[in-house]
Amino acid sequence: MTDEGVHMALSSADRSTGKAAFNGIWLPIAVVIALIVFFSLASDAFFSLRNMTGILGQASTLLLACLGASFVVLMGSIDLSVGAIVLLVGAVTVTALNAFGMGVDALAVSLVAGALLGLVNGVLYSLGRIPSFVVTLGTLSVFTGAAWELLQGRALRFSSPAFEELAIGQFIPHVPNIALFAIGVWVLASLAGQMTRFGRYMYIIGGGEAVARNVGIPLTRYKIYAFVISGLLAGLAGALAVARLGAAGPTLGQELLLNSLAAIVVGGTSLSGGIGGVHRTLIGVAIIALLDNGLNLMGVNQYTQMVIKGAVVVAAVLISQDRRGSIVIK
């Protein structure tokens, strides 16, 4: 691999995605503003301090689960197992807390478990040469079944005030600690996406694997890295989710399959890869979180909410895709 080859690939990627990046960032921001105005007028409770704190807590789990998956989508692949990893890691975390009397150190167990599950996805995808859609659809079922076996169909509770404090404590008044975790990880992931070799390689791979291969990028290794990071951050989301809820139940992470993909795509990361980035995922998460909260306050039932969110995803893809090409999930 030569520095000149990588530089040329990066320059090409920047030229091809620059216009899309500029055009794609303003619409999601406008949607966030419109949703805030609409729901503020539709419900007196929406803009209350208590509700804003609740939105922060709910959105943080989604943001953490989306950040790693954003790298996967950026390179033109997909991770359907994010919600299942959150569920399984949540179950493993509570089991460790109860079995070994662990506290904050259980977070390390969660991170390792999430990274290992991501490694399984990455190895099957890269070395097995199986499409990521098929791999993660299969592991979604495997991880979910393993979690349900561990939970035995019931919610597992734990008693560890120190672990709960990681999520529900408020180092800053009215801002739950889980939100500080989420924003901190978002900042680090955004910097990694824009300023590190790993992040830049994700853009090149998503823009065209043939180009990436020609300039000498080790595709297999970096694809595995992306899935490991996705699993790691989903594991962190699972751990903090159970810390916030005080238990791990069979429905943990159930909505993350739709919501994570919706947030990533609505935020402006193209399913074809190479366009968008982790930094945009925050906007997509804000849109999904505001929709969920506002529709709940208005009394809209969950089935109608699923219809609305599905329509939002389809509309986002139609608006953001490059008409000169086609969306291909690798």
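No value in this document is a laboratory result; all are computed from the given coordinates. None of these values were measured; they are calculated from a predicted model. When we count neighbours, we look across all protein chains shown, and the Cβ atoms used for this are built from the backbone with ideal geometry, even at glycine.
Classify region 97-226 as rounded, prolate or oblate, taking a ≥ b ≥ c as the square roots of the eigenvalues of its Cα gyration tensor: rounded when a/c is under 1.5, otherwise prolate if a/b is larger than b/c and oblate if not. The shape class here is oblate.
When each of Y203, Y125 is scored by the number of other beta-carbon atoms lying within 10 Å, the sequence from fewest to most is Y203, Y125. Each helix, a run of at least 4 DSSP H residues, gives -39500 (n - 2.57); summed and divided by the residues of the chain, these come to -25500 deg cm²/dmol at 222 nm.
Going by how many other Cβ atoms sit within 10 Å of their own, how do V307, V109 line up, fewest first? Please report the intermediate quantities before stating the final value.
Details: V307 11, V109 19.
If I rank by nearby Cβ atoms, fewest first, I get V307, V109.
Expected output is a single nm value to one decimal: the length gained when fully extending between R154 and H174, i.e. 0.36 nm times separation in residues minus the C-alpha distance. What is it? Intermediate values should be presented prior to the final figure.
Values: separation 20, 0.36 × 20 = 7.20 nm, distance 3.14 nm.
4.1 nm is the gain from fully extending R154 to H174.
The string of couplings for region 226-241 from the Karplus curve (6.51, -1.76, 1.60, θ = phi - 60°) is 4, 6, 5, 5, 4, x, 4, 6, 5, x, 4, 4, x, 5, 6, 5 Hz, one whole number per residue in order, with x for Gly and Pro.
Separation of region 62-99 and region 101-127 by C-alpha centroid, Å? Measuring centre to centre over Cα atoms gives 9 Å. Judged by the mean number of other Cβ atoms found within 10 Å, the most tightly packed of the peptides 135-142, 247-254, 285-292 leads the ranking 285-292, 247-254, 135-142. Extent of the chain along its three principal axes (Cα atoms, max minus min coordinate, largest first): 55, 49, 35 Å. Its relative contact order, with pairs defined as Cα atoms under 8 Å and 6+ residues apart, puts region 3-320 at 35 percent.
Which trypsin sites (Lys or Arg not before Pro) from region 257-324 combine a DSSP loop assignment with at most 15 other Cβ atoms within 10 Å?
On the way: sites: R280, K309, R323, R324; in loops: R323, R324.
Of the trypsin sites (Lys or Arg not before Pro), the ones in loops of region 257-324 whose Cβ has at most 15 other Cβ atoms within 10 Å are R323, R324.
Phi angles of region 107-124 translate, via the Karplus equation with coefficients 6.51, -1.76, 1.60 and θ = phi - 60°, into HN-Hα couplings of 4, 5, 4, 4, 5, 5, 4, x, 5, 5, 5, x, 5, 4, 4, x, 5, 4 Hz per residue; Gly and Pro are given as x.
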